[in-house]
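To start, the structure itself, in structure tokens.
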Amino acid sequence: MSAKVGLLCGREYAFPPAFLDRVNTLGREHGITAEFVTLAGTKMGEPSGYHVIVDRISHEIEYFRAYLKHAVLEGSYVINNPFWWTADDKFFNYSVAQKLGVAVPKTVVLPQKAYPPDIDLTAESLHNLGYPIDWDGLLDYVGRPAILKPYSGGGWKHVYKVNDRDELIRAYDGTAPYCMTLQQFIHFDQYVRCFTFGKTDIIPVAYDPHQRRYNVNHAYLSAELGERIVRDARTLNTALGYEMNTIEFAVEDGVPYAIDFLNPAPDFERDRITPHYFELAVQKMAELAIDRTLHGAPQQSWPQWAAMTGMGTGTPV
């Protein structure tokens, strides 16, 4: 067998060369090699040349997203599924999680404060929106304080903690053109960020969200709490189809609330995730890419939330 794994990535330094080297080393006996994908225009019907492509940048570059969808059509296996990632958002994820029995904060999706200037909108374009917004009623629902954050996106951008109606409105007034969610604030005493590989291989890690720092502490969770977090993380990844992800849990009174689980290009830089977890990430991503090259079937990368919530047919993979 002769097969290639391609890597699409952005401003990363440690992970890309380590990943490519590890795939080339582990894949040698299977005839599998790995390299950076190079793109300079894509023709219809043109094969990608890769059995598997690992995508860590297309959320920022539309051309790469278009290329990856075309690559799937031509038979490539893409980690993560570019069709679902395009359609997904955090509010939908919270709603799915709630239906599947995973604890999540109470969440409301809000109308946008304003819209991009290049969109031709008038007052008539927005006649379906109700006004005024009942800010106090929304805060009564989610509780005070609350978190205001985008319904998509990541990297802790445009996230605000608000304590009352006035703070909420001041923060909201600066959020254009983003669509935002208002969310219950979890008064956590433990915080966990789970690396996930292949949907069910879960590594819970002690994480300090204030310092944005990973801590190597293998005794951080009790056995019971660790088992629930792993089970919930597997449920979320299976429902949403993500094979490369991080899932964050804030633990309050022994209950792990899934706070953020749409991170399908997770940070894998050595200096930030520690050398210990960097080595795990490189090894497991290389093993995942090789496994999907040898055994990957298209359904492995598709979300199963419809079947899991009883809305569709099929068996979760």
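Annotations for the structure displayed:
Okay, residues lined up against (1) part of a strand (DSSP E or B); (2) without any contact (Cβ under 8 Å) to a residue 12 or more places away in the chain; (3) open to solvent by less than 50 Å² (accessible area, probe 1.4 Å); (4) closer than 19 Å to ALA250 by Cα:
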| site | (1), (2), (3), (4) |
| --- | --- |
| LYS157 | no, yes, no, yes |
| ILE169 | no, no, yes, no |
| HIS187 | no, no, no, yes |
| ARG193 | yes, no, yes, yes |
| TYR220 | no, no, no, yes |
| GLY226 | no, no, yes, yes |
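- Residues of the range 107-129 that turn out to be open to solvent by 60 Å² or more (accessible area, probe 1.4 Å) and part of a loop (DSSP other than H, G, I, E, B), as a count: 11
- Qualifying residue in the range 247-267 (condition: assigned to a helix (DSSP H, G or I), open to solvent by 50 Å² or more (accessible area, probe 1.4 Å) and of a type outside the set (Lys, Arg)): no
- Residue match in the range 10-24 (condition: touching a strand residue (DSSP E or B) at 6+ places or on another chain (Cβ under 7 Å), in contact (Cβ under 8 Å) with a residue 40 or more places away in the chain and not in a strand (DSSP E or B)): yes
- Scan of the range 13-67 for residues that are over 21 Å from ARG292 (Cα atoms) and either under 24 Å from the mean Cα position of the chain (by Cα) or open to solvent by less than 20 Å² (accessible area, probe 1.4 Å) (or both), ordered by number: TYR13, ALA14, HIS59, GLU60, ILE61, GLU62, TYR63, ALA66
- Only one of ILE147, ILE133, ILE119 that is touching a strand residue (DSSP E or B) at 6+ places or on another chain (Cβ under 6 Å) and hydrophobic (A, V, I, L, M, F, W, C): ILE147
- Being open to solvent by 80 Å² or more (accessible area, probe 1.4 Å), out of contact with any Pro (no Cβ under 9 Å at 6 or more places or on another chain) and of a type in the set (S, T, N, Q) is a condition met by no residue of the range 140-153.
The values are calculated or read from the model by the stated rules, or taken from the named source; none is laboratory data. It should be emphasised that the depicted structure is a prediction, and the values quoted were computed from it without experimental measurement. Here Cβ is always computed from backbone atoms with ideal geometry, including for glycine, and neighbour counts include all displayed protein chains. Ligands, DNA and RNA are excluded from the accessible area calculation, which covers all protein heavy atoms including side chains. Shrake-Rupley method; radii C 1.70, N 1.55, O 1.52, S 1.80 Å.
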